[in-house]
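I have placed the structure first, in the form of structure tokens, so that the comments after it can refer back to it.
The values are calculated or read from the model by the stated rules, or taken from the named source; none is laboratory data. The structure presented is a predicted model; accordingly, all values stated were derived computationally and were not measured. Because the Cβ atoms are built from the backbone with ideal geometry, glycine has one as well, and the counts that use them run over all protein chains shown. Just so you know, the surface numbers come from the protein's heavy atoms only, side chains and all, with ligands and any DNA or RNA stripped out. Shrake-Rupley method; radii C 1.70, N 1.55, O 1.52, S 1.80 Å.
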Amino acid sequence: MNEQALLKYMPLDAQLVVELGCGEGLLGAKWLSMQPFGVYVGVEAEAAEARKGSDRLSRVHVLEPQQVTM
């Protein structure tokens, strides 16, 4: 599913969105263009992707799967 299709399921009145697996932040960038006062936090396992996303999103955190314990 592409970003445009996903956007219709995302509330524009939300103040905070957290995306797991944000990649380069393309979905978040589109959402922020429609909700400039919102906060979009991305979580990404790939550091290179997270660096690209950090230019587009409010915040991006790198979390490698092996760091997660349950």
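A few comments on the model shown:
- The charge dipole of the chain, taken about the Cα centre with unit charges on the Cβ atoms of Lys, Arg (+1) and Asp, Glu (-1), comes to about 180 debye, rounded to the nearest 20.
- Cβ-based charge dipole, the chain, positive-most Cα from S54, Q15, L26: Q15
- As a fraction of the 1.4 Å probe accessible area of region 23-63, surface on carbon and sulfur atoms comes out at 54 percent.
- Length-normalised contact order for the chain - Cα pairs under 8 Å, 6+ apart - percent: 30 percent
- Computing Kirkwood radius over Cα pairs in Å directly from the structure and comparing it against (i) 14.6; (ii) 15.3; (iii) 12.2 singles out (iii).
- Filtered chymotrypsin sites (Phe, Trp or Tyr not before Pro), the chain: DSSP coil and at most 13 other beta carbons within 10 Å: Y9, F37
- Accessible surface calculations at 1.4 Å, restricted to protein heavy atoms, place the chain at 70 Å² per residue.
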